[in-house]
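For reference, the structure is listed below as C-alpha cells.
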Amino acid sequence: MDLKGTGVLIALQCDQDLYDNTQNPRYAWHAWKLARAAQVAVPDWVLRFVDQRAASEITKRTRETDTADRYDAALTEMEVAVTRHRRRLAIRRVGKPLGRDIPISRRDNPNLTAIARAAANTDGVSANRLLARYRASVKRPKR
C-alpha cells in the first residue's frame with residue numbers, strides 16, 4: 001500500500017476511535033467524506049452509523065406530518081385546477097373577438113367546492129378543511 005493509502009487508513013481509524021469515545025456524529029461524517037474523497041471502501045462502522053441515522057429519520061415521520069403532506073398535495077392539486085380554469089377563461093376572452101366561442105364550463109368562476117372535493121378524494125383529506133386552507137392561502141383583492 002502506498003503512503004497516501006496508509007494515511008487514509010490511519011485517519012479513518014482515528015475518526016473511529018474519536019467516534020467510539022465521544023459518540024460525536026461529526027467524526028462519522030468526516031470518515032464518510034474522507035473515504036469517498038480517497039475512493040476507498042467506507043468502513044463498516046460508518047455504514048452502521050448511516051443506517052442508524054436513516055432508520056431514525058424514517059421513524060420520525062408521524063401521523064401529523066403525513067397528514068400535512070397529503071393536505072399540501074391536495075392544495076397543490078387544487079391550485080393547478082384553478083389556474084387551468086383561469087387559463088381557459090383567458091383563451092375564451094381572446095377567442096370571442098375573433099368569432100370563436102370556446103366553451104369551458106357553465107360559469108366563469110371556478111367551482112371551488114367541486115375542485116376541492118375532487119382533490120380531497122384523491123388525497124384522502126377533508127374537502128371542507130382543504131377549501132378553508134385554499135381560501136386562506138389566496139390573497140383577496142381589496143374591494
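The values are calculated or read from the model by the stated rules, or taken from the named source; none is laboratory data. These figures come from a predicted structure and were not determined experimentally. Because the Cβ atoms are built from the backbone with ideal geometry, glycine has one as well, and the counts that use them run over all protein chains shown. The area values use the complete protein model at the heavy-atom level, side chains included, leaving out ligands, DNA and RNA. Shrake-Rupley method; radii C 1.70, N 1.55, O 1.52, S 1.80 Å.
Filtering segment 113-132 to residues that are open to solvent by less than 40 Å² (accessible area, probe 1.4 Å) and either in contact with a Gly (Cβ under 9 Å, 6 or more places away or on another chain) or not acidic (Asp, Glu) (or both) leaves Ile115, Ala116, Ala119, Ala120, Val125, Ala127, Leu130, Leu131. For beta carbons closer than 8 Å, sequence separation of 6+ or different chains, a first residue in segment 71-91 that is within 12 Å of Asn111 (Cα to Cα) and assigned to a helix (DSSP H, G or I) and a second that is at pLDDT below 85 and open to solvent by less than 50 Å² (accessible area, probe 1.4 Å), the qualifying pairs are Ala81/Pro110; Val82/Pro110; His85/Ile104; His85/Pro110; Arg86/Pro110. Listed by first and then second residue, the pairs linking a residue in segment 126-142 that is closer than 13 Å to Glu79 by Cα to a residue that is among the small types (Gly, Ala, Ser) and modelled with pLDDT of 80 or more, with Cβ atoms under 8 Å apart and 6 or more places separating them unless they lie on different chains, are Leu130/Ala74; Leu130/Ala116; Leu130/Ala119; Leu130/Ala120; Leu131/Ala116; Tyr134/Ala116. Contact map, segment 5-24: residues that are within 14 Å of Ala37 (Cβ to Cβ) paired with residues that are part of a helix (DSSP H, G or I) and open to solvent by 50 Å² or more (accessible area, probe 1.4 Å), Cβ distance under 8 Å, separation 6+ or inter-chain. Pairs shown: Asp15/His30.
Screening Leu98 with (1) under 22 Å from Tyr134 (Cα atoms); (2) part of a loop (DSSP other than H, G, I, E, B); (3) open to solvent by 40 Å² or more (accessible area, probe 1.4 Å) gives one miss only, at (1).
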